[in-house]
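The values are calculated or read from the model by the stated rules, or taken from the named source; none is laboratory data. The shown structure was predicted, so the numbers you read here are calculated from the model rather than taken from an experiment. All Cβ positions, even for glycine, are placed from backbone atoms using ideal geometry, and neighbour counts span all protein chains on display.
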Amino acid sequence: MVGREMREEQSVGLYRTADGHPIRLFATVGNLEEAVDALQSDVAGIGLFQSEFLYHNQERLPSETEQCEIYASVLQQANDRPVVIRTLDISKLKKADFLSMPPEENPSLGSRAIRFSLSHPEIFQTQLRALLRAGRYGRAGLLFPMIENVSEIRDVKQCLQESMETLLQQRLPYAEHVPIGLIVETPAAALMADLLAVHVDFLVVGINDLTQYTLAADRGNDRVAYLYDAAHPAVLRLAQQVCQAAHRVGIPVGVCGALAEDTEMTEALIGLGFDAFCITPKAVSSVAARIAQAHLWVASELASRVLERESASDVRTVIRGKGPET
């Protein structure tokens, strides 16, 4: 991941099940230091580089040049491994007073992620131009958060085209083709994945937010914490739909979030159809070990069984081998 080719010759970060099925492990990182450290580990690349750190606790917006230099430095250190950079997800910011954003009663359902970017094209296109310029230094990929309909993808592509035209007019070199993907984070996006997949080069299921929105349970609210479990069959059914939609059009699909690091669920996630896991570097060895123990046919049967369960606790009972097969 990124793109349709999924280079077989790249062995770093490529792991196989006991019966030879390939799974790639990518790093999820939140800042430059984490990115540099992650590239020292046995990962296929950076599958989720969260760009919000560039905006944290700042008094002004980062310039195009500042952003370009940071992205380029990571791409150069990646040594031809892909680096997938997620565009600004404003909901993740701890402090952004310089943006003068009005407070929202429910930020998770408000002007966040791609919604914010598309409504602030000057900020969005500055980041896109920086990413395109940096893309010459390695295998960059662009990941757009919280897209849930095709018109948003078209708007993103229009912004991308305008950014390229600006760079061309300014005679600044840039990468003419950078693979693009989207994070499936809402039930709407999961249910529409067959229509969304034809417009991008790869998909990533953001399992944390998908769980929150599917179960209507705020993952930061202790009072409803008992409801929040990504192993819920409703979440897993949506995840499988995304995998199937991606594979029908020949693009790879990854999963990021806490469930991707839960080794109890590794085999089931393989069975659902995920090609890649985006995880923190510290989780690589344990997830890799679990992949090596898995068999694809067993994983597929396990996935079929858990999708028929009634609750997350039932799913985990089956996973642990304590429940009936039907």
Handout entry: Check on GLU310, out of contact with any Cys (no Cβ under 9 Å at 6 or more places or on another chain), modelled with pLDDT of 95 or more and more than 27 Å from GLU34 (Cβ to Cβ)
Key = yes
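Residues checked against (1) closer than 27 Å to GLY141 by Cβ; (2) more than 16 Å from the chain's Cα centre (by Cα):
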{"residue": "ARG223", "(1), (2)": "no, yes"}
{"residue": "TYR228", "(1), (2)": "no, yes"}
{"residue": "VAL255", "(1), (2)": "yes, no"}
{"residue": "LEU259", "(1), (2)": "yes, no"}
{"residue": "THR266", "(1), (2)": "yes, yes"}
{"residue": "LEU269", "(1), (2)": "yes, no"}
{"residue": "ALA276", "(1), (2)": "yes, no"}
Problem - Subset of segment 148-165 that is over 24 Å from GLY110 (Cβ atoms) and polar (S, T, N, Q) - its residue that is surrounded by the most Cβ atoms within 10 Å (Cβ to Cβ) - result: SER163
Completion exercise
Filtering segment 139-171 for residues that are touching a helix residue (DSSP H, G or I) at 6+ places or on another chain (Cβ under 8 Å) and either assigned to a helix (DSSP H, G or I) or at negative phi (or both) leaves a count of 20
Problem - Neighbours by Cβ (under 8 Å, 6+ apart or cross-chain): first from segment 176-194, free of Cβ contacts under 8 Å to residues at least 40 places away in the same chain; second of a type in the set (D, E, K, R) - result: ILE180/LYS157; ILE180/ASP201
Fill in the blank from the handout: Filter segment 173-212 for residues that are β-branched (Val, Ile, Thr) and within 20 Å of GLU162 (Cβ to Cβ); the one that is farthest from the chain's Cα centre (by Cα) is VAL178
Exercise for the section: Test GLU59 against the stated conditions and say whether it is touching a Leu at 6+ places or on another chain (Cβ under 9 Å) and modelled with pLDDT under 95. Expected result: no
Exercise for the section: Select from segment 171-182 the residues that are surrounded by 20 or more Cβ atoms within 10 Å (Cβ to Cβ) and out of contact with any Lys or Arg (no Cβ under 7 Å at 6 or more places or on another chain) and list them in ascending order. Expected result: VAL178, PRO179, ILE180, GLY181, LEU182
Handout entry: Residue match in segment 250-257 (condition: assigned to a helix (DSSP H, G or I) and in contact with a strand residue (DSSP E or B) (Cβ under 6 Å, 6 or more places away or on another chain))
Key = no
Handout entry: Cβ-Cβ under 7 Å pairs, at least 6 apart or on other chains, segment 277-289 side over 8 Å from LEU25 (Cα atoms), far side assigned to a helix (DSSP H, G or I)
Key = THR280/GLU261; PRO281/ASP37; PRO281/ALA38; ALA283/GLU261; SER286/THR263; VAL287/GLU261; VAL287/THR263; VAL287/THR266
Practice task
Using the structure shown, decide if GLU301 is buried (at least 19 other Cβ atoms within 10 Å of the Cβ) and over 26 Å from THR186 (Cβ atoms).
Solution key: no
Practice task
Identify the residue in segment 261-278 that is over 18 Å from HIS247 (Cβ atoms) and out of contact with any strand residue (DSSP E or B) (no Cβ under 6 Å at 6 or more places or on another chain) and, among all such residues, is surrounded by the fewest Cβ atoms within 10 Å (Cβ to Cβ).
Solution key: GLU264
Exercise for the section: Would you check which residues across segment 80-107 are hydroxyl-bearing (Ser, Thr, Tyr), modelled with pLDDT of 70 or more and over 16 Å from GLN50 (Cα atoms) and list them? Expected result: none
Handout entry: Test for THR326: is it out of contact with any Gly (no Cβ under 7 Å at 6 or more places or on another chain) and at pLDDT 95 or above
Key = no
Problem - One residue from LEU168, LEU203, LEU196 being within 30 Å of ARG136 (Cα to Cα), among the hydrophobic types (A, V, I, L, M, F, W, C) and loosely packed, with under 15 Cβ neighbours inside 10 Å - result: LEU168
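I need the full set of residues from segment 53-73 which are in a helix (DSSP H, G or I) and not β-branched (Val, Ile, Thr), in order please.
Within segment 53-73, PHE53, LEU54, GLU64, GLU66, GLN67, CYS68, GLU69, TYR71, ALA72, SER73 qualify.
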Completion exercise
Wholly inside segment 263-326, helices (runs of 4 or more DSSP H) that include 1 or more residues that are more than 26 Å from ILE85 (Cβ to Cβ) and out of contact with any helix residue (DSSP H, G or I) (no Cβ under 6 Å at 6 or more places or on another chain) are 284-293, 296-306, 312-319
Completion exercise
Expected output for segment 74-103 (first residue over 23 Å from VAL204 (Cα atoms), partner at pLDDT 90 or above and not in a loop (DSSP other than H, G, I, E, B), Cβ below 7 Å, 6+ apart or cross-chain) is GLN76/TYR137; GLN77/VAL36
